[in-house]
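S.K.: The structure that follows is given in the form of structure tokens.
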Amino acid sequence: MAGLNLKGINKIYPNGYHAVKDVSFEIEDKEFIVLVGPSGCGKSTTLRMIAGLEEISDGQLYIGDKVVNDVHPKDRDIAMVFQNYALYPHMSVYENMAFGLKLRKYPKADIDKRVNNAARILGIEELLPRKPKQLSGGQRQRVALGRAIVREPKVFLMDEPLSNLDAKLRVQMRAELSKLHKELQTTFVYVTHDQTEAMTMGSRIVVMKDGVVQQIDNPQTIYEHP
Ligand code: ADP
Ligand code: ADP
């Protein structure tokens with residue numbers, strides 16, 4: 001069970017800025033939920049608190065039935081995909097995907113199986129020997145996804161993962177991510193400021209503004225009652 005529950009979550013940054021205000025919503029196990037809203041409304045902050053990369057100032061975050069406010073990111077069974085791909089330039093695609101598992105001392109055969117399986121799912125098997133600089137933007141984004149997939153987390157967090165891609169590729173990758181969600185059967189939490197992206201990808205959409213949740217609904221209802 002990897003549903004999430006945010007109960008009265010607040011973020012006050014050390015400089016006093018109240019970026020996220022009493023945010024409460026549930027994310028069902030295996031759901032594809034999208035957080036949307038203008039730049040600066042608190043989407044990334046919310047996602048980073050779920051990942052454990054940012055401290056929660058007030059409120060409770062549940063994964064399953066457990067409060068995880070004080071649980072280390074490593075122990076949350078969550079992986080995050082960033083918009084800047086953060087691939088290691090001197091390593092091959094294979095090594096990039098294997099690196100996190102190596103650090104965690106996974107057996108070599110297990111690493112090999114996981115990397116090859118992720119590469120198959122993403123259709124990047126032939127890219128495994130290449131270096132990041134020999135890849136297109138879309139291919140790099142797939143490798144970044146691959147690095148998260150090999151960890152087999154219950155929850156994927158994505159912060160504007162397509163925003164560095166050109167318009168055509170973005171549309172293609174939207175469809176690929178939807179397919180990936182079906183194939184992996186895990187929970188996706190997806191942040192974007194792009195309304196079209198939100199409407200076409202999520203089964204539910206959380207609309208944020210100025211640090212608060214304004215609306216939570218399915219795309220159809222939000223389209224009809226914005
Ligand atoms: P979004 O992802 O919706 O663009 P963010 O969550 O990144 O928004 O930021 C929400 C607000 O918090 C913005 O006004 C931003 O400037 C502010 N903010 C983000 N990080 C910090 C920080 N480390 N210290 C102070 N304010 C921050
Ligand atoms: P990677 O697995 O990306 O190569 P590391 O294994 O060096 O990175 O992890 C560094 C720290 O960042 C660890 O505390 C780990 O839990 C955290 N971390 C690594 N990758 C992610 C991710 N995708 N999402 C959330 N936290 C992560």
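S.K.: I'd like the antiparallel share, as a percent to the nearest 5, of DSSP beta bridges with both residues in the chain.
M.R.: 50
S.K.: Now for a different question. To the nearest 10 degrees, how steep is helix 93-103 against the longest Cα principal axis of the chain, on a 0 to 90 scale?
M.R.: Computed tilt is about 70 degrees.
S.K.: Could you state the orientation-averaged shadow area of the convex hull built on the Cα atoms of the range 151-226, in nm² to one decimal?
M.R.: On the way: hull surface 23.5 nm².
Averaging across all directions leaves 5.9 nm² for the Cα convex hull.
S.K.: Within the range 1-45, whose backbone N sits under 13 Å from a point 7 Å along Cα→Cβ of T221?
M.R.: 26, by backbone N distance to the label point.
S.K.: Let me ask another. So if I take the centroid of the Cα atoms in the range 158-205 and the same for the range 7-70, what is the distance between those two points in Å?
M.R.: Cα centres, the range 158-205 to the range 7-70: 20 Å.
S.K.: By how many degrees, between 0 and 90 and to the nearest 10, does the Cα long axis of helix 137-149 differ from the longest principal axis of the chain?
M.R.: That helix lies at roughly 80 degrees to the long axis.
S.K.: Kindly provide the helix-only [θ] at 222 nm of the chain, computed as the sum of -39,500 (n - 2.57) over DSSP H runs of four or more divided by all residues, to the nearest 500 deg cm²/dmol?
M.R.: The helix contribution divided over the chain gives -10500 deg cm²/dmol.
S.K.: If you don't mind, another one. Roughly how many percent of the accessible protein surface of the range 1-94 is carbon and sulfur, given a 1.4 Å probe and a whole-percent answer?
M.R.: Numbers: 2240 of 4650 Å².
Of the solvent-accessible surface of the range 1-94, carbon and sulfur hold 48 percent.
S.K.: When only C-alpha pairs under 8 Å and at least 6 residues apart count, what is the relative contact order of the chain, in percent?
M.R.: Relative CO of the chain lands at 30 percent.
S.K.: Could you give the angle, 0 to 90 degrees to the nearest 10, between helix 167-184's Cα long axis and the longest principal axis of the Cα atoms of the chain?
M.R.: Tilt of helix 167-184: around 90 degrees.
S.K.: Moving to a separate point now. Which value, in Å², gives the accessible area per residue of the range 70-137 when a 1.4 Å probe is used on the protein heavy atoms?
M.R.: Per-residue value: 60 Å².
S.K.: Taking one equal scatterer on every alpha-carbon of the chain, how large is log10 of I(q)/I(0) by Debye at q = 0.12, 0.16 1/Å?
M.R.: Those come out to -0.66, -1.14, one per q.
S.K.: Out of the total accessible area of the range 127-226 (probe 1.4 Å, heavy atoms of protein only), what percent is carbon and sulfur? Present the calculation step by step, with values, prior to reporting the outcome.
M.R.: Numbers: 2340 of 4850 Å².
Accessible surface attributable to carbon and sulfur in the range 127-226 totals 48 percent.
The values are calculated or read from the model by the stated rules, or taken from the named source; none is laboratory data. Remember, predicted model here, so these are calculated numbers, not experimental data. Don't worry about glycine lacking a Cβ; one is built from the backbone with ideal geometry, like all the others, and counts go over all protein chains shown. Quick note on the areas: whole protein, heavy atoms, side chains included, nothing else; ligands and nucleic acids left out. Shrake-Rupley method; radii C 1.70, N 1.55, O 1.52, S 1.80 Å.
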